[in-house]
Structure formats: C-alpha cells, structure tokens
Amino acid sequence: MPCEFTKRDIQKIARTLNVAPKRLQDCIRFEIGMQKAQRILALEIYPDLKIGTKKGHLISVYTRTSHLQLHFCTGYIVSNLLGEVTFVSESNGTISGLTIEREGGCSLYANVDRSILSGNFTTLGPEIMLSSVALSLTEQVLPPPERSTKKKRQRSKKAQ
C-alpha cells in the first residue's frame, strides 16, 4: 500500500474538494456537492480495512442513484485547478480510477490498460481517449510497471 492517508493527506483532499472531513468510527467522510444543482455525493475513505484476506484502502462514493467502490486504493492525485481528486488502484497491468469533483460529480474508469496512459491520445478512439486522458496524471503516483518475467530471470542470473 504505497499511500497511507495521513492527516496531511486528508487535509490536502479536503482543501481540493473545499469541504471539511468528518471522522467517523472507521472512515473519513466528505459530503460534497451543490445543493442548488442537486449534485450531492458522499465520499468515504476507509484506510487499512480488511478486504477478504488482505488489508487495503477502500474508497466508497454514495450518490442519490448509485454506490461506487474502489478496492485496494494504491494512490491518489489532486488537481486544485480542476477541483478534483482521483483515487487509483492498479492490478495486473490495468488501472482503475475514481474521480471526485468539488461540485459533486463523479467518474469511474475501470480496468484501463496502463499502456495507453502514456501513448499518443490522438490515435485512440474518442470513447477510449477520455479514460486515458483522465488517468494519465496518475502515472506520477503509481510505481513503474514491473518488468517481464524473462527480464526478471536475466537480472536474477546476473546477481548470482
């Protein structure tokens, strides 16, 4: 788990979303949105939660019409300019991201192939481009991709 969601992290997220966090028994909750526009959501961060047989960070979002979860969050990135926070999780070469907007919007991008995040976006179809652009900033919070098994074996042989 690269990120820890320290007090400083929670303050950074709160500043970006322009809302005060509420510390509940097992999570940190942010109530976000614009009442007038009826765009309201609740963001909950569950640090170090037991998920199955492992421990990890769980990010939950509740809206009037949906409930979204991101399991095993490995990092987040804030954009004060856009007024949003993107939480990310990586598994087997794919990235999932949950973006929360200061005005109460929310977007989920699931199982996006990591290789398209740093490529030429203009070669992608418009239905793919949005997720690639949205998640491309997450490369700065994710560890570099693991090398192939063949390269690992070559490194292991050199070490012996």
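None of the figures in this text is laboratory data; all of them are computed from the coordinates on show. This is a predicted model, so every value here is computed, not measured. So basically every Cβ, Gly included, is an ideal-geometry build from the backbone, and we count neighbours across all protein chains shown.
Brief remarks on what is shown
- Label-point separation, Leu81 to Lys50 (7 Å along Cα→Cβ), nm: 4.4 nm
- Here each label is just a point 7 Å from Cα along the line to Cβ, and for Ile40 and Glu4 those points are 3.6 nm apart.
- Peptide ranges 38-44, 17-23, 49-55 listed from the most packed, as the mean C-beta count within 10 angstrom indicates: 38-44, 17-23, 49-55
- Inter-site label distance for Glu31 and Ser91 at 7 Å from Cα along Cβ, in nm: 3.2 nm
- At full extension, Arg23 and Asp113 could sit 28.9 nm farther apart than now, given 0.36 nm per residue minus the alpha carbon distance.
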